[in-house]
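Structure first, then comments.
What follows is calculated from the coordinates using simple rules that are stated; it is not laboratory data. This is a predicted model, so every value here is computed, not measured. Backbone-built Cβ (ideal geometry, glycine too); neighbour counts: all protein chains shown.
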Amino acid sequence: MKEEIKKEMELPEGVSATLEGNILIIKGKKGENKRNFVYPGLKIEIVGNKIVMGFMKSTKREKKVISTYEAHINNMIKGVTEPFVYKMKICSGHFPMNVSVNGKKVIVKNFLGEKCPREANLIEGADVKINGTEILITSCSKENAGQTAARIEKLCNIKNKDIRIFQDGIYITEKPKIVFK
């Protein structure tokens, strides 16, 4: 049976939201997040200090979409209050590897003795800092931080070697904690 469904999410203190068409913009102390919410029949409104989403006639699929969008908005709110942080570890046992950030690229030199440096493009909005053998990636957007960490980890992918012996590379050691409500 199709019924009307609505979800209300309250914004914490110091966080504001605006809606431009289908794009929801959330601003806070640590930055701002934008996301495009497009789904047929979905209505998003900002009423006072609340974000209200709903469908006039909803099925199981629309209920799932509402829950997914609620999780996205909660991640956006969490990101503008305290940024998402990924920690990575540089492991080089066989060859001393040099990792540096140059503009919008991460450059790895001398990976397994290779002459050509490996490069990965950074996603805009993600800050990368290298402290010795640790890399910190911070961003207001969970997707940007996670995708940047994945690109750096994929950069040191080992092919045609036994990965039990050649464990050199850059690996994710800590991700943001997931909090269920």
Compute the relative contact order of the stretch 3-81 as a whole-number percentage, counting only Cα pairs closer than 8 Å that sit 6 or more residues apart in sequence. 39 percent
May I ask for the angle, rounded to the nearest 10°, between helix 60-81 and the longest principal axis of the chain, with both axes built from Cα atoms and the value confined to 0 to 90°? 60 degrees
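Taking a ≥ b ≥ c as the square roots of the eigenvalues of the Cα gyration tensor of the stretch 84-174, is the shape rounded (a/c under 1.5), prolate (a/b larger than b/c) or oblate? The partial results should precede the final answer.
Details: a/c = 1.97, a/b = 1.67, b/c = 1.18.
Prolate shape, in that a/c is at least 1.5 and a/b is the bigger ratio.
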Under a Cβ-only charge scheme (Lys and Arg +1, Asp and Glu -1), can you give me the dipole magnitude of the stretch 3-81 about the Cα centre, in debye to the nearest 20? 280 debye
Specify whether the C-alpha gyration tensor of the stretch 3-81 places it in the rounded, prolate or oblate class, a ≥ b ≥ c being the square roots of the eigenvalues: rounded for a/c under 1.5, otherwise prolate if a/b is larger than b/c and oblate if not. prolate
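Can you give the helix-only mean residue ellipticity at 222 nm for the chain, where every DSSP H stretch with n ≥ 4 adds -39500 (n - 2.57) and the sum goes over all residues, rounded to the nearest 500 deg cm²/dmol? Spell out each step's value before the answer.
Details: 2 runs with 36 residues, N = 181.
That comes out to -6500 deg cm²/dmol.
Could you work out how much longer the chain between Lys50 and Glu3 gets when fully extended? Use 0.36 nm per residue separation minus the Cα distance between them, nm to one decimal. Could you put the intermediate results ahead of the total?
Details: separation 47, 0.36 × 47 = 16.92 nm, distance 2.21 nm.
Contour length minus Cα-Cα distance gives 14.7 nm.
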Inter-centroid distance (Cα atoms) of the stretch 1-34 relative to the stretch 105-181, Å: 31 Å
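For each of Met53, Met9, count neighbouring Cβ atoms within 10 Å of the residue's Cβ, then give the residues from fewest to most.
On the way: Met53 21, Met9 15.
Ascending number of Cβ neighbours within 10 Å: Met9, Met53.
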Can you give the Rg and Dmax of the chain based on its C-alpha atoms, in angstrom? 20.7, 64
For the stretch 41-77, list residues with backbone N below 16 Å from a point placed 7 Å from the Cα of Lys175 toward its Cβ? 72, 75
For Glu13 paired with Thr68, estimate the spin-label separation in nm (one decimal), with each label point 7 Å from Cα along the Cα-to-Cβ line. 3.6 nm
Tilt of helix 142-155 relative to the longest C-alpha principal axis of the chain, in degrees (0 to 90, nearest 10)? 20 degrees
